[in-house]
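In what follows, a structure is listed as structure tokens, so that the remarks can point back to it.
What follows is calculated from the coordinates using simple rules that are stated; it is not laboratory data. This is a predicted model, so every value here is computed, not measured. So basically every Cβ, Gly included, is an ideal-geometry build from the backbone, and we count neighbours across all protein chains shown.
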Amino acid sequence: MQIGVGLTYWPWTGLDEQVDLARVADDLGFSSVWVAETWGHDAVGMLGYIAAATTRITLGAAVVQMPARQPAAVGMAAATINELLRGRMRLGFGL
């Protein structure tokens, strides 16, 4: 069985708390950490920040809002984050 954890949105959980939770999940052997876009916060930026703080865990964007950006921009951002993560990224799309 694989168990992942979803991070809550700002401002309810601060940036440092979200990164700390991702580190703990990574250290404890969880399979994945998931972020989503809402309230004007970008999932791709958050994934990049968490990527620098973790080493093993898969990171995912539960929802990347496609109407907010061009498909090519989503593809480039996802490819960059996946490269930084050395293949540890998962991507979910939404409206």
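General observations
- Fully extended contour minus Cα-Cα distance, from Tyr49 to Glu83, at 0.36 nm per residue: 10.9 nm
- Two-decimal Rg to Rh for the chain - Kirkwood Rh, Cα set: 0.94
- Theoretical gain in end-to-end length, Thr38 to Val5 [0.36 nm per residue, Cα-Cα removed]: 10.2 nm
- Relative contact order computed over the chain (Cα-Cα under 8 Å; 6+ residues apart), in percent: 27 percent
- With the charge dipole of the stretch 4-94 set up from +1 on Lys and Arg Cβ and -1 on Asp and Glu Cβ about the Cα centre, the Cα lying farthest toward the positive end among the listed residues Gly92, Ala72, Tyr9 is that of Ala72.
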